[in-house]
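So that we are looking at the same thing, I have put the structure below in structure tokens.
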Amino acid sequence: MQVRNKGTIGGSVAHSDPSGDWPAAIVALSAELVAVGRNGERAIKADDFFVDLLTTALDTSEILREIRINKTNCGNAQAYVKMHHPASGFAVVGVAANLSMKAGDCERASIGITGVSAKAYRASAVESALNGAALNDETIANAAAHAADGVDINGDLFASADYRRHLATVYTKRAIDAAIARAK
């Protein structure tokens, strides 16, 4: 029997559950994860930490000791939204948006997505479509349409791969909209 502890950040992150909430936020916030083991400590960038299904960059002799997140500046806004599985509460699809904005334009976007593929990932096509653009409905919808670009999408009895692809688009738009609303 596998027991999942939703109450601890480190445990959720260290085993790279593809439907865990925290990995999406950690990726979107460009966090740095500190591993410690018999050979000392090392820092791992969030983009390099989640390797595959239930696999991280941690060595077998290491534990996750610390998660470092840089302080955000004025004009930054974040949001996390998800469709949760009714039985477990884990994300069928979860999207974290971290936006740096100025005068209604997006200076820099960072989008982390969980639940869609074997690991949490950065939605770089969405970020590219938002960076330097005016944050209007059309731009956001066009950017969100690329939420699942370049990833192998999970499918299961609850949500097929096509449905997850659709949810990734919908929830990416919702996360961006929620972040913008928080900035106002």
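Among the numbered criteria (1) surrounded by 15 or more Cβ atoms within 10 Å (Cβ to Cβ); (2) over 15 Å from the mean Cα position of the chain (by Cα), which one does Met83 miss?
It is condition (2) that Met83 fails.
Taking Leu53, is it buried (at least 16 other Cβ atoms within 10 Å of the Cβ) and either under 30 Å from Ala159 (Cβ atoms) or acidic (Asp, Glu) (or both)?
no
Right, here's the next one. Collect the residues in the range 120-152 that are hydrophobic (A, V, I, L, M, F, W, C) and surrounded by fewer than 19 Cβ atoms within 10 Å (Cβ to Cβ), keeping them in residue-number order. Reasoning before the result, please.
Narrowing the range 120-152 to residues hydrophobic (A, V, I, L, M, F, W, C): 120, 123, 125-126, 129-130, 133-135, 140-141, 143-145, 147-148, 151.
Those that are hydrophobic (A, V, I, L, M, F, W, C) and surrounded by fewer than 19 Cβ atoms within 10 Å (Cβ to Cβ): Ala125, Ala133, Ala134, Ala141, Ala145, Val151.
Another question, if that's okay. Looking at the range 172-183, I want the residues that are at positive phi and have a partner that is modelled with pLDDT of 95 or more with Cβ atoms under 7 Å, at least 6 apart or on another chain. Which pairs are those?
Hits for this filter: zero, empty list.
Across the range 93-108, which residue is surrounded by the fewest Cβ atoms within 10 Å (Cβ to Cβ) among those that are of a type outside the set (Ser, Thr, Tyr) and free of Cβ contacts under 8 Å to residues at least 40 places away in the same chain?
Ala103
Moving on. Residues that are among the acidic types (Asp, Glu), within 16 Å of Lys82 (Cα to Cα) and surrounded by fewer than 20 Cβ atoms within 10 Å (Cβ to Cβ): does the range 174-182 have at least one?
yes
The values are calculated or read from the model by the stated rules, or taken from the named source; none is laboratory data. Worth saying up front: this structure is predicted, and the values here are computed from it rather than measured. Cβ coordinates were reconstructed from backbone atoms using ideal geometry, including for glycine residues, and neighbour counts include every protein chain displayed.
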